[in-house]
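The next block holds one structure in the form of structure tokens; read it before the comments.
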Amino acid sequence: MGGSVLRRPPFFSHSPRFSMTHHFDFLVVGTGIAGLSYAVKASQFGTVAVVTKKEKAESNTNYAQGGVAAVMSKVDSFEMHVRDTLSTGVGLSHEDAVRIMVQEGPERLRDLIAIGAKFTYKDGALDLGREGGHSTNRIVHAHDLTGHEIERALLAAVAAAPTIQMFENHVALELITEHHLVSRRSVDSSRVHCWGAYVLDSHARLVETFLAPVVLLATGGLGQVYLHTTNPPIATGDGVAMAYRAGAKIGNMEFIQFHPTTLFNSGSPSFLISEAVRGFGAILRTRNGEEFMHAYDPRKELAPRDIVAYAIDTELKRRGDEYVLLDLRHLSPDAVREHFPYIYSTCLTKFKLDITAEPIPVVPAAHYSCGGVVTDIDGRTNVDGLYAAGEVSMTGVHGANRLASNSLLEALVFSDRALRTSIAGRETLTAEVPEVAPWDDSGTLNSEEWILIAHNRREIQEIMWDYVGIVRSDLRLGRALRRLELIQKEVEDFYKRTKVTEGLIELRNIGLCAMLVIKCAMQRKESRGLHVTTDYRNRNDAEFLHDTILP
Ligand code: SIN
């Protein structure tokens, strides 16, 4: 396994000084829903390498509780789902991308069911849950462990596909572009092209070269840029950072979604209390028991996330409280246990909290990046050969705020379109991969300064949490940027002198992503969706009804 059926340049196979070079038809970076569903389909057309930093099931998808929003009932319609998505995106969602996602969504969901994903049914039909911003019940779910079930089904399909090779504990660290060619003579210098990636085998501590004419970035999100996040430790923005360094356009990074309800003081990552719980009727209260959502939006608990997170943040600051309460005590305990078995049992066993008998202390935490690597409606980036899908991408669907449970749907639909596009242009697959220089770390040292990495990571996360959180200001953004520029310069110096490790790669990416969030936020001098600033309190369509694109 592992050899390309289409082309194999005769160089650098096993040099004793340099590490191995792998040739595949497709390189997929990341093992969430976007990467795995792409890999399963791509495996019919050639050889596929899937690289992932940790074990294959470790991804943001795996932690998704809520579900997949899709039009699957007679009382729902494409038009309603489109309207809800556009309205939640506060003017910035691209309508063409939204329509595609909504219309192709049900078919993509059926693809998942066909490979064995088991969703929750009631009376012979899919049991559709409700979440904020949706005008009807449309969340397909597997109890409260939807992402876990999708990962299980996709990994089983991957295991059954003989042309897929999975590389666990392999950290992609840099995309291979013109800079890495032995000679640039044969390439069109007016365009940037991607031919693969340098990847650290973190067990062997060797950087290997993965070459493929089609590369899909599906690395997920960047929640670890913030101190409090629902994302697992792997969510360090690697795809956005690598793509930016390679010359890809990055957009809308100011729109970081804070999930309104994570269990207070539950550690890292923060334990998510799914939005589906509010959809089921849970009520938000201040610590002294008062309801407050009616003061912010007529939809109350079922307003979109930007509004609910802002409301909670405002109440916490106004009252000097550390958390608000999510109250389920008026709901049937049996129904709560049946619908949310994972949340119920985790709260009970791990946090000694019976959610049917006591209100849940909750706070918002960083959850999802609406921006990312800019793609067209077929998952193509501005770098030839490079596609992106899932949270790492910015397809235009989410605009200034993502509608709950649209993320898994977006990943399914656009990874499928990316595959179809790369297959349609089959000549890309047969194109010669030019001669690429192997990774050369001669002159660098092994360093024992790991405390610097841990300290810098924490410092970035604290700066971002304190200054670039739910409510921002010019002063805070400027202060954050100055500090981050200093840290990032130190990190880059360290990176140049030191042999790469997973921790160093992640730190470099977190630092860069943090700067991209701030740079986008500084350009948007208005408040819209997830970007709220005290200096420009209103939405300003005359000047800012457009994406923020970093070249
Ligand atoms: C949740 O269950 O609340 C998270 C799902 C999502 O982010 O869409």
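Below are the figures for this structure:
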| read-out | value |
| --- | --- |
| Conditions (1) polar (S, T, N, Q); (2) away from the ligand (no atom under 15 Å from the Cβ); (3) open to solvent by 30 Å² or more (accessible area, probe 1.4 Å); (4) more than 23 Å from Gly239 (Cβ to Cβ); number of the one not met by Asn137 | (2) |
| The one condition in (1) outside any helix (DSSP H, G or I); (2) under 27 Å from Ala404 (Cα atoms); (3) of a type outside the set (Val, Ile, Thr) that Gly239 fails to fulfil | (1) |
| Filter result for Ala156 (over 30 Å from Ala282 (Cβ atoms), touching a strand residue (DSSP E or B) at 6+ places or on another chain (Cβ under 9 Å) and away from the ligand (no atom under 16 Å from the Cβ)) | no |
| Residue match in the range 366-379 (condition: out of contact with any His (no Cβ under 8 Å at 6 or more places or on another chain), under 18 Å from Thr61 (Cα atoms) and either at pLDDT below 95 or part of a loop (DSSP other than H, G, I, E, B) (or both)) | yes |
| Any pair with Cβ under 7 angstrom, 6 or more apart, that starts in the range 55-68 at a residue that is in contact (Cβ under 8 Å) with a residue 24 or more places away in the chain and aliphatic (A, V, I, L, M) and ends at one that is part of a loop (DSSP other than H, G, I, E, B) and within 11 Å of the ligand (Cβ to nearest atom) | Val68/Ser405 |
| Residues of the range 523-537 satisfying the condition of being of a type outside the set (Gly, Ala, Ser), open to solvent by less than 20 Å² (accessible area, probe 1.4 Å) and outside any strand (DSSP E or B) | Arg524, Glu526, Leu530 |
| Flag for Arg420 being closer than 30 Å to Arg305 by Cβ and either in a strand (DSSP E or B) or at pLDDT 95 or above (or both) | no |
| Unmet requirement for Ala366, which otherwise passes all of (1) under 15 Å from the mean Cα position of the chain (by Cα); (2) surrounded by fewer than 24 Cβ atoms within 10 Å (Cβ to Cβ); (3) aliphatic (A, V, I, L, M) | (2) |
| The range 251-280, subset open to solvent by 20 Å² or more (accessible area, probe 1.4 Å) and more than 15 Å from the ligand (Cβ to nearest atom), residue nearest to the chain's Cα centre (by Cα) | Ser268 |
| Output for the range 251-268, where each listed residue is closer than 30 Å to Leu348 by Cβ and either in a loop (DSSP other than H, G, I, E, B) or aromatic (Phe, Trp, Tyr) (or both) | Phe258, Phe264, Asn265, Ser266, Gly267, Ser268 |
| Among residues of the range 53-91, those that are away from the ligand (no atom under 16 Å from the Cβ) and either open to solvent by less than 10 Å² (accessible area, probe 1.4 Å) or not in a loop (DSSP other than H, G, I, E, B) (or both), counted | 7 |
| Subset of the range 424-449 [at pLDDT 75 or above and either hydrophobic (A, V, I, L, M, F, W, C) or open to solvent by 90 Å² or more (accessible area, probe 1.4 Å) (or both)] | Ala424, Val433, Val436, Ala437, Trp439, Leu445, Asn446 |
| Residue within the range 212-220 that is in a strand (DSSP E or B) and within 16 Å of the ligand (Cβ to nearest atom) present | no |
| Unmet requirement for Asp127, which otherwise passes all of (1) farther than 29 Å from Gly371 by Cβ; (2) in contact (Cβ under 8 Å) with a residue 24 or more places away in the chain; (3) within 16 Å of the ligand (Cβ to nearest atom) | (2) |
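The values are calculated or read from the model by the stated rules, or taken from the named source; none is laboratory data. Values in this document were obtained by computation on a predicted structure and should not be read as measured data. Please note: Cβ atoms are built from the backbone with ideal geometry, for glycine as well, and neighbour counts cover all protein chains shown. Ligands, DNA and RNA are excluded from the accessible area calculation, which covers all protein heavy atoms including side chains. Shrake-Rupley method; radii C 1.70, N 1.55, O 1.52, S 1.80 Å.
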